[in-house]
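Undergrad: Right, I'll just put the structure down here and ask away after.
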Amino acid sequence: MPTINLNGAQKNYGVNSANAVSDLDLEIRDGEFMCLLGPSGCGKTTTLRMIAGLENLSGGEIRIGERVVDSVREGVFVPPEKREMGLVFQSYALWPHMTIERNTDFGLRLRKLPKAEREARVEQVMQALDIAKYRDRYPSQLSGGQQQRVALARMLAVNPGVLLLDEPLSNLDARLRLEMRAELKRIHKEFKTTIVFVTHDQWEAMTLATTIAVMNNGTLQQMGTPNQIYDRPANRFVAEFVGSPPINILELDTSDMTDIAREAAVFLSARHPALKGIGAIGIRPEAIGYTADKAQIPPGSFSGEMIVTGVLPTGGSWILELRSDNNTLFLTTSVLPRVEPGSKTHFYAETSALHVFDKAGMRIAEADALLGAAAVN
Ligand code: ATP
């Protein structure tokens, strides 16, 4: 499948309404598993529907390879059935009166392929998705997860160049979701299909995607590998949206700075003049260590003294809540904490774990090198 390009794509549903999607540039390369990630209402579904051809653009263009499929300026709009894409939505709408085999065969019949070819293809995808044993059943006789697999099989059978999936796992319970994620990863590898997947679930995106596009308010915030999104968030929105428990933010651009934030400001400006007068720093909970013994703090780390105010077991790991007069930090540890709430402790974080943002909330990329952070792929 050629690369899909959205150039300045825009969607406005009504004359006076705000843009659902604004000025969106997106490149989806062959074989990519791209997750569109963002909070409810940020424009993920609209973007997917524009790619599918179910919505026309209000501005900008979409190209598939060299072929323009939607452009207001050029007056071009290629309908969905001519874009060779498969769509699976949250409700996967199988035909209730058709057996699983007939449902899987549905798209191929529409395409009027020779019977032998159809049968071979249906068998191949039913085996791959482990639904061959249900071939004679009807959808109502299958569980949600099994129905989900049939919906995917029906799409894969017609061998679409691109598979567009809109929150397809949201109806499933936690265990099935996990199984289906593994399944989707396997399908992606085996069928080498380009996949565009809409989700508001950060873990889903982190575990599935080769590339994540984070959106907010109809605009693209960052596009990158899961590691880049997590370890080098381009702005505070991405930093705070991705990660659980969320990243700790110390506000440095405020008149009522907390004591820890003040210490951070002094610490950073002492490291390099370019780190003076910044907006905020972020520290991920797992990047924070703690010790009662000040001598154990790794040299050169950013550190301070706080009180342990909470120890929260999360099953195999723990969240510690630390407080000083007017500041709260959360850290995570996989080692059983031997601290009592109310005891004093020193927290510390290596400089390479500090995320530095300017006053507009944008990452100061130059700070990474100054603080010794390695490149992330
Ligand atoms: P969710 O995760 O809740 O599905 P989303 O990120 O997929 O959200 P969209 O469904 O793309 O977001 O919606 C983006 C914006 O466009 C929202 O403000 C929504 O209310 C608006 N919108 C979506 N569809 C329509 C429509 N058919 N008519 C008018 N406004 C719409």
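The values are calculated or read from the model by the stated rules, or taken from the named source; none is laboratory data. All values derive from a computational prediction rather than experimental measurement. A quick note on method: Cβ atoms are made from the backbone with ideal geometry, for glycine too, and the neighbour counts reach across all protein chains shown. Please note that ligands, DNA and RNA were not included when accessible areas were found on the heavy atoms of the full protein model with its side chains. Shrake-Rupley method; radii C 1.70, N 1.55, O 1.52, S 1.80 Å.
Undergrad: Of the conditions (1) more than 12 Å from the ligand (Cβ to nearest atom); (2) in a strand (DSSP E or B), THR104 clears all except one; give me its number.
TA: Among (1) more than 12 Å from the ligand (Cβ to nearest atom); (2) in a strand (DSSP E or B), the lone unmet condition for THR104 is (2).
Undergrad: For segment 149-159, does any single residue satisfy the condition of being within 16 Å of the ligand (Cβ to nearest atom), farther than 29 Å from VAL356 by Cβ and modelled with pLDDT under 95? Walk me through how you get there before you give the answer.
TA: Within segment 149-159, the subset within 16 Å of the ligand (Cβ to nearest atom) is none.
Within segment 149-159 (the criterion being within 16 Å of the ligand (Cβ to nearest atom), farther than 29 Å from VAL356 by Cβ and modelled with pLDDT under 95), the answer is no, since none of the residues qualifies.
Undergrad: Let me ask you something else. Can you confirm whether VAL78 is surrounded by fewer than 16 Cβ atoms within 10 Å (Cβ to Cβ) and among the hydrophobic types (A, V, I, L, M, F, W, C)? If you could, list the steps in order and put the result at the bottom.
TA: Details: surrounded by fewer than 16 Cβ atoms within 10 Å (Cβ to Cβ): yes; among the hydrophobic types (A, V, I, L, M, F, W, C): yes.
Here the answer is yes, as VAL78 does meet what is asked.
Undergrad: Counting only residues that are touching a Phe, Trp or Tyr at 6+ places or on another chain (Cβ under 9 Å) and within 16 Å of the ligand (Cβ to nearest atom), give me the strands (runs of 3 or more DSSP E) lying completely in segment 1-61 with at least 3 of them.
TA: Numbers: elements: 4-11, 21-28, 33-37.
Output list reads 33-37.
Undergrad: Which numbered condition trips up VAL335, out of (1) touching a strand residue (DSSP E or B) at 6+ places or on another chain (Cβ under 7 Å); (2) farther than 27 Å from GLU251 by Cβ?
TA: If we test VAL335 against (1) touching a strand residue (DSSP E or B) at 6+ places or on another chain (Cβ under 7 Å); (2) farther than 27 Å from GLU251 by Cβ, just (1) comes out false.
Undergrad: Among the residues of segment 186-208 satisfying the criterion of being away from the ligand (no atom under 16 Å from the Cβ), in a helix (DSSP H, G or I) and charged (D, E, K, R), which is modelled with the highest pLDDT?
TA: Step one: filter segment 186-208 for residues away from the ligand (no atom under 16 Å from the Cβ), giving 186-195, 206-208.
Filter once more, keeping what is in a helix (DSSP H, G or I): 186-191, 206-208.
Filter again for charged (D, E, K, R), leaving 186, 189-190.
On the way: ARG186: 84, LYS189: 87, GLU190: 82.
Checking each candidate, the answer is LYS189.
Undergrad: Under 30 Å from SER40 (Cβ atoms) and open to solvent by 60 Å² or more (accessible area, probe 1.4 Å): which single residue out of ASP293, ASP231, ASP253 fits that description?
TA: On the way: ASP293 fails: under 30 Å from SER40 (Cβ atoms); ASP231 fails: open to solvent by 60 Å² or more (accessible area, probe 1.4 Å).
Of the residues listed, the single one that is under 30 Å from SER40 (Cβ atoms) and open to solvent by 60 Å² or more (accessible area, probe 1.4 Å) is ASP253.
Undergrad: Please work out which one of (1) under 21 Å from ILE28 (Cα atoms); (2) open to solvent by less than 50 Å² (accessible area, probe 1.4 Å) is the condition GLY144 fails and give its number.
TA: (1)
Undergrad: If you take the residues of segment 163-178 that are in a helix (DSSP H, G or I) and crowded, with 16+ Cβ neighbours inside 10 Å, which of them is nearest to the ligand (Cβ to nearest atom)?
TA: Checked segment 163-178; the qualifying residue nearest to the ligand (Cβ to nearest atom) is ARG177.
Undergrad: Looking at segment 59-82, is at least one residue assigned by TED's automatic domain parsing to the domain that holds ARG149, modelled with pLDDT of 95 or more, of a type in the set (Asp, Glu) and closer than 29 Å to PRO233 by Cα?
TA: Checked against the condition, which is being assigned by TED's automatic domain parsing to the domain that holds ARG149, modelled with pLDDT of 95 or more, of a type in the set (Asp, Glu) and closer than 29 Å to PRO233 by Cα, segment 59-82 yields at least one hit.
Undergrad: Given the conditions (1) in contact with a helix residue (DSSP H, G or I) (Cβ under 9 Å, 6 or more places away or on another chain); (2) farther than 30 Å from LYS112 by Cβ, and given that GLU183 satisfies all but one, which numbered condition is not satisfied?
TA: (2)
Undergrad: List the strands (runs of 3 or more DSSP E) that sit entirely inside segment 260-377 and contain at least 2 residues that are among the polar types (S, T, N, Q). Let's see the steps before the verdict.
TA: Values: elements: 280-283, 289-291, 302-313, 318-324, 327-333, 344-349, 354-357.
Those strands (runs of 3 or more DSSP E) span 302-313, 327-333.
Undergrad: Right, something else. Which members of segment 115-130 meet the condition of being open to solvent by less than 80 Å² (accessible area, probe 1.4 Å) and either assigned to a helix (DSSP H, G or I) or modelled with pLDDT of 90 or more (or both)?
TA: ALA116, ARG118, ALA120, ARG121, VAL122, GLU123, VAL125, MET126, ALA128
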